[in-house]
Amino acid sequence: MPKLGFDLLQLQERRPPPPQKAVVAFSEMITDVAILWSTPDLRTEITESMLRSEDFFEHGAGSPTLNPDQGIWVWEGEIVGIVYPSTPDSAEEYDVEFRGGWRRPTTKEWGALVGNQNPFEEES
C-alpha cells in the first residue's frame, strides 16, 4: 500500500477538552468559599498547585465583583497554562488561569449533591 505522506490521525477532528467544573458554596457570613466537588482534572490542578479555595478565584475564576451571590453555584470553564518567559533578571515561570463562568446547578447535579455524590464523576 502506498504511503500517503501524512498521518490519518491528523485528519481526525480534534475535540476540545471537556469543560472543567466545580460546585462552590458561597456565604455572606464567611469571606472564604468552599469548593465542594470538582472534575478530576480541576481537583488535580488544585491539589498539585496546593491552591486554597480563595486562590482559585484569584487565578481568574472570578473576582469580588463577578462572584455570584450566596448559595450553591457551578463554575464551568477551562484551565489554561501560562508560561512567562525568562528574562535576564528572572527564570521562566509557570502559572495557571481558570477561565469560565457561573451558573446554578442543573436538576441532575442537584440530585447528585443531595445524595452526597460528585455530580461530575460520570462525565470524566
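Values quoted throughout were computed directly from the atomic coordinates according to the rules given, and no laboratory measurement underlies them. The structure presented is a predicted model; accordingly, all values stated were derived computationally and were not measured. Here Cβ is always computed from backbone atoms with ideal geometry, including for glycine, and neighbour counts include all displayed protein chains.
Counted by Cβ distance under 15 Å from G101, the other residues give a net charge of 0, where Lys and Arg count +1 and Asp and Glu count -1. Listed from fewest to most Cβ neighbours within 10 Å, the set D69, D89 follows the order D89, D69. Counting every other Cβ atom within 10 Å of each residue's Cβ, V83, V23, V96 order from fewest to most as V83, V96, V23.
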